[in-house]
Amino acid sequence: MARISGVDLPKKKRIEYGLTYIYGIGLYQSRKILDATGIDYNKRVYELSEEDVAAITKEIRANHMVEGDLRKKVAMDIKALMDLGSYRGLRHRRGLPVRGQKTKTNARTRKGKRKTVGAA
């Protein structure tokens, strides 16, 4: 099993899709990485040699922010918004949708379980 950036890639998937299991790498980035390393998209993860895995790891470390570093950056960006007191920061702080969605009927995943008011 190939382990790249601390993530075990699924053995039977094509490497093109297997790389998307790494936080911060989507299909487009995956294809860019494979083009840069010269690895075929159709190769399965278990078919990769140690040299292939090393080349992919080197490319990711050199040109892409993934996993822990990216999560830390996103968290710091959200914290900066909250510290600034911007509208988006206030929405983050209150646990409400940030991007303009309506909240009267939807937004349950962001607001949490319903708090019933005035039910007797």
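Structural remarks
- Each residue in region 21-31 was checked for being farther than 14 Å from Arg61 by Cα, part of a helix (DSSP H, G or I) and out of contact with any Lys or Arg (no Cβ under 9 Å at 6 or more places or on another chain), and 3 of them qualify.
Rundown of residues vs (1) loosely packed, with under 14 Cβ neighbours inside 10 Å; (2) modelled with pLDDT under 95, yes/no style:
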{"residue": "Ser49", "(1), (2)": "yes, yes"}
{"residue": "Asp52", "(1), (2)": "no, yes"}
{"residue": "Arg61", "(1), (2)": "yes, yes"}
{"residue": "His64", "(1), (2)": "no, yes"}
{"residue": "Lys72", "(1), (2)": "yes, no"}
{"residue": "Ile78", "(1), (2)": "no, no"}
{"residue": "Tyr87", "(1), (2)": "yes, no"}
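- Residue in region 37-44 that is touching a strand residue (DSSP E or B) at 6+ places or on another chain (Cβ under 9 Å) and assigned to a helix (DSSP H, G or I) present: no
- Of the residues making up region 10-23, just one is buried (at least 18 other Cβ atoms within 10 Å of the Cβ) and farther than 14 Å from Tyr41 by Cβ, namely Ile22.
The values are calculated or read from the model by the stated rules, or taken from the named source; none is laboratory data. Quick caveat: nothing in here was measured; it's all calculated off a predicted structure. Counting neighbours? That spans all protein chains shown, and the Cβs are built from the backbone with ideal geometry, glycine included.
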